[in-house]
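The values are calculated or read from the model by the stated rules, or taken from the named source; none is laboratory data. Treat the numbers as computed from the prediction; the structure is a model and nothing was measured. Virtual Cβ from ideal backbone geometry, glycine too; neighbours counted across all protein chains shown. The accessibility values were calculated without ligands, DNA or RNA, using every heavy atom of the protein model including side chains. Shrake-Rupley method; radii C 1.70, N 1.55, O 1.52, S 1.80 Å.
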Amino acid sequence: VEGEELARVASVADRGMAHHLGDGPGHHDGSRLAPALKPNAKRPTGRAGVAANVPKPDLRSLPAWGITITDGEEGNVPGKDYLAFSANVWNAGPAPLVVDGFRSPGKDLMDAYQYFYDADGKQVGYAPTGTMEWDSREGHNHWHFTDFASYRLLSEDQTKEVRSGKEAFCLANTDAVDYTVKNANWHPENTDLSTACGGENSISVREVLDVGSGDTYTQDLPGQSFDITDLPNGTYYIQVIANPEKRLQETNTGNNVALRKVVLSGEPGARSVTVPPHELIDAP
């Protein structure tokens, strides 16, 4: 399984990010329609929950790639060394991840809800799943769903967390990862982040991670890359965790974590990183 995941990393890295995201009009086998992109008119009412046999998403992390040292670009503090990387969390299905956010006018946060659908595309359940927050930073300017993924830099023996980075996300099908999985949507639509994740005055937002697609974030913006200025040289691991608080309901949470080995060297202000080959991946 690990080799298959790494092959997906290579495929995603080679293709680069797709231009669009979303849940298109139907899946490749025609068996069921994807949920509409528009959020429900009102927040859900009635008892929360869903039957055990209802299809759910399966979020999986890919090992980090695009790993490099930066020195204060993209708004970071000049004179410091940062470890930048790309990470992807994808949905192996068999159901899309569908999250709606609702807020009252004037409130800073949206209440988020995960929705569940049967094989005919009918909504059959929901569950509260945290919040959405407005991110006004340059390059964002949309509503972010919290607790979707987190990143940690671990010690060589993987027992100590030496750096952490946790970001909220605008869920987007930025990359086709594996369209052979059951119910994969081969034609996702409405993939522009600015339209998929709402405007500052939005009172409701729907964010979707469709089956077979993944959401790539490049961790080189302020607060995302790891500050390694004071870290000793040596071996570390970048850990990517999907659904870290387990607030989202999935078919399997045993495949949510991925690791990528890195070796730091050099002097402060001139640090370098080596990324050893791992299984099928030999590029950093």
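Taking residues in the stretch 51-68 that are farther than 14 Å from I281 by Cβ, and partners anywhere that are aromatic (F, W, Y) and open to solvent by less than 40 Å² (accessible area, probe 1.4 Å), the pairs with Cβ atoms closer than 6 Å and at least 6 places apart or on different chains are V54/F116; R60/W90.
Scanning the stretch 91-137 for residues that are hydroxyl-bearing (S, T, Y) and part of a strand (DSSP E or B) turns up Y113, Y115, Y117, Y126, T129, T131.
Condition check for A184 on (1) surrounded by fewer than 22 Cβ atoms within 10 Å (Cβ to Cβ); (2) small (G, A, S); (3) modelled with pLDDT of 85 or more: one failure, at (1).
Output the residue which, of all residues in the stretch 219-231 that are among the polar types (S, T, N, Q) and not in a strand (DSSP E or B), is surrounded by the fewest Cβ atoms within 10 Å (Cβ to Cβ). Ranking the candidates gives T229 first. Selection within the stretch 232-272: residues that are farther than 19 Å from L154 by Cβ and of a type in the set (A, V, I, L, M, F, W, C). The member of this set that is least open to solvent (accessible area, probe 1.4 Å) is L248.
Among what's in the stretch 24-45 and is touching a Phe, Trp or Tyr at 6+ places or on another chain (Cβ under 7 Å) and at pLDDT 50 or above, pick the residue that is most open to solvent (accessible area, probe 1.4 Å).
Taking the stretch 24-45 and keeping what is touching a Phe, Trp or Tyr at 6+ places or on another chain (Cβ under 7 Å), we get 28, 35, 43-44.
Checking the rest, the ones that are also at pLDDT 50 or above come to 35, 43-44.
Details: P35: 14, R43: 84, P44: 26 Å².
By that ranking, first place goes to R43.
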